[in-house]
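Just below is one structure, and these are the notes that go with it.
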Amino acid sequence: MAGPYIFVFTGTSGSGRKTIAHRIGTELGIVPVLSCTTRKARTTGVKNQDYHYISRDQFNELDGQGQFLQTATIGKERYGVLSHELDRPLQDGRHVYLVLNSEAATLLKKLYGDKVIRLFIYVDKGTVRERLESKGMSYDVVERYLEQYPEEVVYRKQCEHVIENVELTRTLEQIRVAIQSHL
Ligand SMILES: Nc1nc2c(ncn2[C@@H]2O[C@H](COP(=O)(O)OP(=O)(O)O)[C@@H](O)[C@H]2O)c(=O)[nH]1
Ligand SMILES: Nc1ncnc2c1ncn2[C@@H]1O[C@H](COP(=O)(O)OP(=O)(O)O)[C@@H](O)[C@H]1O
């Protein structure tokens, strides 16, 4: 078996990256590496599945100790991946997956090279709005996602796989095939 690989789910916000990543990760036994965030959990997500939700003080303490591989400030909130959470499973020879924006995906690619496989997930803007509004996502978040869309969508050109998430079952099948082509 090749690897271990770092599968990075990236793409446009609200396209289904977290949903798809956790479904496929669980199915294929790939280790999730969750980011820490200072943002509050949303009622529309599965708490503790998406992030390690920590306080700003905790974040600053970990940051001061140099424990993060990288950090980002998005809006008013901070995000970061703990180095040991990524390196430990890799040292054990286990494949991992993360859900990250393009900035963090690019950094991982620079650091880990061919080990990193980026899966770019997207849907059109109208679908983002429709899906998120129907799930009760706040107006502000939906607007922010739509505003970021033009900037985020161009990153697909640099990713190893690009998949439009129209129908979930079909998307999962496409992702499964993409991942298994590396294993
Ligand atoms: N640069 C960076 N981005 C991250 C990290 N963790 C998560 N992200 C991305 O930052 C964005 C966070 O925005 P947010 O509105 O909270 O979106 P959501 O968590 O995807 O619903 C998403 O695109 C995440 O994939 C990280 O450690 N570093
Ligand atoms: N193929 C799909 N069809 C309909 N709804 C979907 C599909 N994929 C994901 N969703 C829903 O879209 C919303 C956004 O998904 P999420 O995984 O949070 O996206 P992201 O992580 O890219 O922001 C969630 O409510 C999720 O259940």
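The values are calculated or read from the model by the stated rules, or taken from the named source; none is laboratory data. Since we're looking at a predicted model, the values are computed, not measured. Every residue, glycine as well, gets a Cβ built from its backbone with ideal geometry; the counts of neighbours run over all protein chains shown. Only protein heavy atoms, including side chains, enter the accessible area calculation; ligands, DNA and RNA are left aside. Shrake-Rupley method; radii C 1.70, N 1.55, O 1.52, S 1.80 Å.
Here are a few things to note about the model shown:
- The set of residues in the stretch 132-161 that are crowded, with 16+ Cβ neighbours inside 10 Å, outside any helix (DSSP H, G or I) and of a type outside the set (D, E, K, R) comprises 137, 159, 161.
- Exactly one residue out of 117, 175 is aliphatic (A, V, I, L, M) and part of a helix (DSSP H, G or I): that is 175.
- Residue check, residue 55 more than 11 Å from ligand 1 (Cβ to nearest atom), among the hydroxyl-bearing types (Ser, Thr, Tyr), farther than 30 Å from residue 182 by Cα and modelled with pLDDT under 95: no
- Number of residues in the stretch 61-78 that are modelled with pLDDT of 95 or more and loosely packed, with under 13 Cβ neighbours inside 10 Å equals 5.
- Exclusive hit being within 15 Å of ligand 1 (Cβ to nearest atom), open to solvent by less than 70 Å² (accessible area, probe 1.4 Å), under 16 Å from the mean Cα position of the chain (by Cα) and closer than 24 Å to residue 29 by Cα, set 123, 81: 81
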